[in-house]
Amino acid sequence: GSCPSASAGSGFRSVGEIGATVSQLPGPGPGPDRAVDPVSGHPEVVAITPGLTVAVGAAAAVLVLVGFRQGSGLVMVLGCGLLATILLSRLFRPPLESLSFCFRGPERVVAGQLVRHQLHAHNRGRRPCPPVRVVHHMDGFADTVLSVPALPAGGRAEVEVWRTAESRGIGTVHILRVSCGAPFGMLRWRLEGRVRCGVVVHPRPGTPVPV
């Protein structure tokens, strides 16, 4: 069967199966998989304004003011152009809410074991999506950063990474933080989703002690 996934706008879904490899998928991802229930229903897309945006906005305002006082059309056009890049960044924000994800990983591992995790991404929207950065958090493993390539409308991709189970425990919630700075890097868009998917990390077997 194909890898089930849900739109990020309605909550992520996760499924459970080991540098980082990225490949374009022409069709549905491989299966079979086990689906789980989403925890959060509507992750929000928020705009983060870095210092670059503030600096560009201030420079644009100064140029417009100077151009107006000096009657320099060229300076005013330059200032308006800088302001336009900020406005266009908001107008053409990446369609993160159209992305859906499907996670694969083993249900039971041993501390110290090297395992493979796979993340399937699907752009379910009508607009192409630029490359995005995904931070995957799961109890028992160190956070990992995955780079998902640009996806056309309806496009799919698979990201694969090897990770080492670090500590024993039972993880029930995964956190995916998706971010993108397109189109100009002045505004960074972020979406966070939580999914429920049980992963058990067993303690490392000890050395038998003769009695």
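The values are calculated or read from the model by the stated rules, or taken from the named source; none is laboratory data. Predicted model only: the values in this text are computed from it and were never measured. Positions of Cβ are backbone-derived with ideal geometry, glycine not excepted, and every protein chain shown enters the neighbour counts. When the accessible area is computed, the model is the full protein with side chains, heavy atoms only, and any ligands, DNA or RNA have been set aside. Shrake-Rupley method; radii C 1.70, N 1.55, O 1.52, S 1.80 Å.
Here is how the numbers come out for the structure above:
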item	result
Share of carbon and sulfur in the accessible heavy-atom surface of segment 121-185 [1.4 Å probe, %]	53 percent
Residue-normalised accessible area of segment 50-150, expressed per residue, 1.4 Å probe, Å²	51 Å²
Computed magnitude of the charge dipole of segment 72-179 (debye, nearest 20; Cβ of K, R +1, Cβ of D, E -1)	280 debye
Cβ-based net charge around VAL145, under 13 Å, with every Lys or Arg adding one and every Asp or Glu removing one	+2
Inter-site label distance for PHE184 and ALA142 at 7 Å from Cα along Cβ, in nm	3.7 nm
Spin-label model distance (nm) - VAL110 vs ALA58, 7 Å beyond Cα toward Cβ	5.8 nm
Listed residues GLY169, LEU187, VAL199: farthest to the positive end of the dipole of segment 79-211 (Cβ charges)	LEU187
Cα-centre dipole for segment 50-131 with unit charges at Cβ (Lys and Arg positive, Asp and Glu negative), debye to 20	260 debye
